[in-house]
Amino acid sequence: VQLQASGGGLVQAGGSLRLSCAASGSLVSRYTMGWHRQTAGKQRELVAAIDIGGTADYADSVKGRFTISRDNSKNTIYLQMDSLKPEDTAVYYCAQRRHGTYDQWGQGTLVTVSS
């Protein structure tokens with residue numbers, strides 16, 4: 001399984017970015033997919049997930065600002081991030097939950113939000 005994340009970059013506070021995660025070797029529609037983020041010295045945290053039925057769940061810190069979605073025809077998941085804040089700065093990873101835990105990970109994409 002390969003998960004290729006992209007779309008990170010530098011954006012001003014209040015701006016938007018859309019992250020993409022293209023999968024190969026596995027169907028994103030058959031597993032719960034999640035976006036996690038990590039900053040230096042902190043544990044990786046789950047910010048958004050979408051299950052096989054399409055139900056999305058979000059961390060409280062991003063609710064109302066981030067939207068996770070899935071395009072089965074492209075075997076890709078997305079994370080639309082709006083109203084970005086400096087505290088959203090992190091490396092963002094997509095991951096696939098196959099056996100009750102997220103055990104397939106992409107390489108990460110850096111998001112930097114300037115104040």
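All of 79, 84 fail the test of being in contact with a Ser or Thr (Cβ under 8 Å, 6 or more places away or on another chain) and part of a loop (DSSP other than H, G, I, E, B), apart from 84. The C-beta contact set for the stretch 1-21 (first residue closer than 17 Å to residue 67 by Cβ and touching a residue at least 24 places away in the same chain (Cβ under 8 Å), second residue open to solvent by 60 Å² or more (accessible area, probe 1.4 Å) and of a type in the set (Gly, Ala, Ser), distance under 9 angstrom, 6+ apart or interchain) comprises 14/83; 15/83; 16/83.
Scanning the stretch 61-74 for residues that are within 12 Å of the chain's Cα centre (by Cα) and either in a loop (DSSP other than H, G, I, E, B) or at pLDDT below 95 (or both) yields one hit, 62. Taking the stretch 43-56 as the range and being free of Cβ contacts under 8 Å to residues at least 24 places away in the same chain, more than 22 Å from residue 14 (Cα to Cα) and open to solvent by 60 Å² or more (accessible area, probe 1.4 Å) as the test, the residues that pass are 43, 52, 53, 55. Residue 110: within 18 Å of residue 38 (Cα to Cα), surrounded by fewer than 20 Cβ atoms within 10 Å (Cβ to Cβ) and in contact (Cβ under 8 Å) with a residue 60 or more places away in the chain, yes or no? Taking the combined requirement at face value, the residue satisfies it. Among the residues of the stretch 60-88, those that are within 20 Å of residue 20 (Cβ to Cβ), out of contact with any helix residue (DSSP H, G or I) (no Cβ under 8 Å at 6 or more places or on another chain) and either surrounded by 18 or more Cβ atoms within 10 Å (Cβ to Cβ) or without any contact (Cβ under 8 Å) to a residue 40 or more places away in the chain (or both) comprise 65, 66, 67, 68, 69, 71, 73, 78, 79, 84, 88. Looking across the stretch 22-42 at every residue that is surrounded by 17 or more Cβ atoms within 10 Å (Cβ to Cβ) and hydrophobic (A, V, I, L, M, F, W, C), the one that is farthest from residue 64 (Cα to Cα) is identified as 23.
Taken together, the residues in the stretch 75-103 that are under 14 Å from residue 5 (Cα atoms) and within 13 Å of the chain's Cα centre (by Cα) amount to 12.
The values are calculated or read from the model by the stated rules, or taken from the named source; none is laboratory data. All of these numbers come straight from a predicted model, not from anything done at the bench. Neighbour counts run over all protein chains shown; Cβ positions are idealised from the backbone, glycine included. These area figures cover heavy atoms from the full protein model, side chains too; ligands, DNA and RNA do not enter into them. Shrake-Rupley method; radii C 1.70, N 1.55, O 1.52, S 1.80 Å.
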